[in-house]
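**Student:** This is the structure I have questions about; it appears just below.
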Amino acid sequence: MDAHTFQLFCFELLKERHPRIELKHVDGKAGDEGLDVFAGELRGKPTIWQCKSFPSGVGKSQKAQIRESLRTALKHFSPAYWILCLSIDMDSKARRWFEKLKISYASKVNISDLSASEMHHEVIHRRSLRNHFFPGAAIDPVELKRLITRTGEMSAESLEQMTDANLEDIIERWTERDPRFNYQIVFDGDLGPPPHNPAPGLVMTVSTGARKLNVFARDITSLEANPPTFSMQFKGTGIDKIRSAINTGARQEFGPDELGDLKTDWALLSSATKVINNLRLIIAPSPSLTNRKRSVRVVFRKGNAEPVQYQLMELQPIRAGRQEIEFSLSGKTVPLRLLFILSAPAADGTVNTKLTVEFNYRNREIREIKKSLDAMNLLRPVGQLELIDLETDKPLLAANAELSEETPRQVQLRALVTDLSNIADRFNTPLAMPDAIAEEDYKVITSLLRYMTNGTEAVSDISATLMKSDENKDLVPAAFSNGKLFFRFTHPSLAPVPKLFGTEINTGPVMEECEAEIKDLPEMLEAFSRSAIGEGVRISFRPLGPVRFGLLQEAVERDAIAFKSQP
């Protein structure tokens, strides 16, 4: 494929893959600005796909092109995701380079890729896409069947009647073989690879690409009394894999060279024993296990410290084996996920538990992030974790938990989140953690904290405009006679309105105050004397100490001497 055709192919494939997302293709002739396909608003946080047709692999030149496209996209947009679509698969060297690229830009954007093998897997299951972009690349079984059976000469109505009769006949034959099951035949040649969320009651799916045979349990009592059985031999590395699957419950995939003979008394599977050399086997946790979720209340404790409590989280099994069980604990608004691995009880009855914490702060509310960090700190170095089943209101788990001490990076993050949480509380403004914090955001954070904490800052010069009025025309010369005064400047709010992560912060009334010396006092008093009522006179101050900043609970009435400050 040439570059343009590959872009069009990627666009059509992505449209098929994501039918509910509005995708747009960008004409590269006008300068694609680092994107070929995108979803969302370009002025917001779009998802960007960049298509690269590299028939000779990813070498030095191709890496430079990828980097340049990424930089261009980040220069013009602020994408949440940047996905590289490649016409080939990267070799191990290129893959390691790409992984480093992802890490180096992790603070700015999520980077992933869609490679040739993944596209090939999709095209296998999408007949119309395959025929359009790869005509003649494979024998079309539909057209071949039409030629052999001469169904191309039949009307649609006649073909439908014949198909119904044949399908009814084959399902009846399967039912005669084993009436304990119901059978369903599905043709979905353009719906992509089959999903991994089986329907209730599904026992087995046999797929031949465009056609699927779904087998559902019908007579539960008979199946429980005499379930179908099969036995399989494992060889080579498959022996260790099957032992691991039994002991840990973890997913394992076996290739043809790891599988031996397959024997079964299930008539529907008997044909599979003849082609075992061409099969692969995947053993994974059953949905009947992983769908067994429980709603729980979670409490983090440590000594006399204030506990942290989540009223609703979800407990979900991940895998279960003879020697290990793994389950997860998560919540919709909780920016962390806890993974527990429990080993089989030891001789003394103790159970070894391994706890892993996964954080996801992207676009999460700042105060929820702070709550999660506070909860984790209660487990450092050792704390208590309690899970209560919401349905029965009884404890499911009460155990000691241990986490390693915070890294310097984690300490900095917690300090930042604490400051942001205080800002959100003080100004009653919800804040969400962005993909990346800009330098301007840090300046706004520093400024807001300075006003919140009555902080000070050394200022070399303050300029203001002194407005002459009937009230202050005689007061100013007397008040300013020695040139040194205590000044307070008040404002209804900060102007311009500060924005933090794109959110406007309404500070309410603020003030700055300091003791200062008026520069060029005689000239200023002379200019004030000559000015008319309502005119302004420029006045400059030299602070005699740091300027103090603060928030005012309510607007302060201006004194007779009014200033418009410009620190």
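The values are calculated or read from the model by the stated rules, or taken from the named source; none is laboratory data. Just so it is clear, the structure is predicted and the values come from calculations on it, not from any experiment. FYI the Cβ positions are ideal-geometry reconstructions off the backbone, even for glycines, and counts take in every protein chain you see.
**Student:** When you check ILE539 against the structure, is it in contact (Cβ under 8 Å) with a residue 24 or more places away in the chain, surrounded by 15 or more Cβ atoms within 10 Å (Cβ to Cβ), in contact with a strand residue (DSSP E or B) (Cβ under 7 Å, 6 or more places away or on another chain) and over 25 Å from PRO496 (Cβ atoms), yes or no?
**Tutor:** Working: in contact (Cβ under 8 Å) with a residue 24 or more places away in the chain: yes; surrounded by 15 or more Cβ atoms within 10 Å (Cβ to Cβ): yes; in contact with a strand residue (DSSP E or B) (Cβ under 7 Å, 6 or more places away or on another chain): yes; over 25 Å from PRO496 (Cβ atoms): no.
In short, no.
**Student:** May I pose another question? Among the residues that make up region 547-563, is at least one of them basic (Lys, Arg) and modelled with pLDDT of 90 or more? Give the derivation first.
**Tutor:** Going residue by residue through region 547-563, those that are basic (Lys, Arg) are 548, 558.
Checking which are modelled with pLDDT of 90 or more leaves us with 548.
Yes, some residue in region 547-563 is basic (Lys, Arg) and modelled with pLDDT of 90 or more.
**Student:** Given the options HIS18, HIS4, name the one that is of a type outside the set (A, V, I, L, M), closer than 28 Å to SER107 by Cβ and at pLDDT below 90. Please lay out each step first, then the result.
**Tutor:** Working: HIS4 fails: closer than 28 Å to SER107 by Cβ.
So the residue among HIS18, HIS4 that is of a type outside the set (A, V, I, L, M), closer than 28 Å to SER107 by Cβ and at pLDDT below 90 is HIS18.
**Student:** Just checking, does region 533-543 include any residue being part of a strand (DSSP E or B), on the phi < 0 side of the Ramachandran plot and acidic (Asp, Glu)? So that I can check it myself, show each step before the final result.
**Tutor:** If we filter region 533-543 for residues that are part of a strand (DSSP E or B), which is where we start, we get 536-543.
Those still in the list that are on the phi < 0 side of the Ramachandran plot too: 536-543.
Right, trim to acidic (Asp, Glu) and you get none.
No, that holds for no residue.
**Student:** Would you point out the residue of region 457-482, among those that are at pLDDT 85 or above and among the hydroxyl-bearing types (Ser, Thr, Tyr), that is farthest from GLU526 (Cα to Cα)?
**Tutor:** Top of the filtered list is SER460.
**Student:** Among the candidates SER69, SER107, SER117, SER61, which residue alone is in a helix (DSSP H, G or I), at pLDDT below 90 and not acidic (Asp, Glu)? Even if it seems obvious, please write down each step before you answer.
**Tutor:** On the way: SER69 fails: at pLDDT below 90; SER107 fails: in a helix (DSSP H, G or I); SER61 fails: at pLDDT below 90.
Step by step, each of SER69, SER107, SER117, SER61 is checked, and only SER117 is in a helix (DSSP H, G or I), at pLDDT below 90 and not acidic (Asp, Glu).
**Student:** Does SER469 fit the bill of being in a helix (DSSP H, G or I) and among the polar types (S, T, N, Q)? Don't jump to the end; show me each part of the working.
**Tutor:** On the way: in a helix (DSSP H, G or I): no; among the polar types (S, T, N, Q): yes.
Against the criterion (in a helix (DSSP H, G or I) and among the polar types (S, T, N, Q)), SER469 does not qualify.
**Student:** Just the residues that are in a helix (DSSP H, G or I), in contact (Cβ under 8 Å) with a residue 60 or more places away in the chain and among the acidic types (Asp, Glu), please, taken from region 372-420.
**Tutor:** Listed by number, the list holds a single entry, ASP374.
**Student:** Being touching a residue at least 40 places away in the same chain (Cβ under 8 Å) and part of a loop (DSSP other than H, G, I, E, B) is the filter here; which residues of region 80-104 pass it?
**Tutor:** ALA80, SER87
**Student:** Also: When region 347-366 is examined, which residues are found to be surrounded by fewer than 16 Cβ atoms within 10 Å (Cβ to Cβ) and within 17 Å of THR503 (Cβ to Cβ)?
**Tutor:** ARG362, ASN363
**Student:** Does LYS473 satisfy the condition of being touching a residue at least 24 places away in the same chain (Cβ under 8 Å), in the same structural domain as THR453 (by TED's automatic domain parsing) and surrounded by 13 or more Cβ atoms within 10 Å (Cβ to Cβ)? Talk me through it step by step, then tell me what you get.
**Tutor:** Working: touching a residue at least 24 places away in the same chain (Cβ under 8 Å): yes; in the same structural domain as THR453 (by TED's automatic domain parsing): yes; surrounded by 13 or more Cβ atoms within 10 Å (Cβ to Cβ): yes.
The answer is yes for LYS473.
**Student:** Could you list, in sequence order, all residues of region 426-457 that are surrounded by 14 or more Cβ atoms within 10 Å (Cβ to Cβ), over 23 Å from the mean Cα position of the chain (by Cα) and assigned to a helix (DSSP H, G or I)?
**Tutor:** ARG426, VAL444, ILE445, SER447, LEU448, LEU449, ARG450, TYR451, MET452, listed by residue number.
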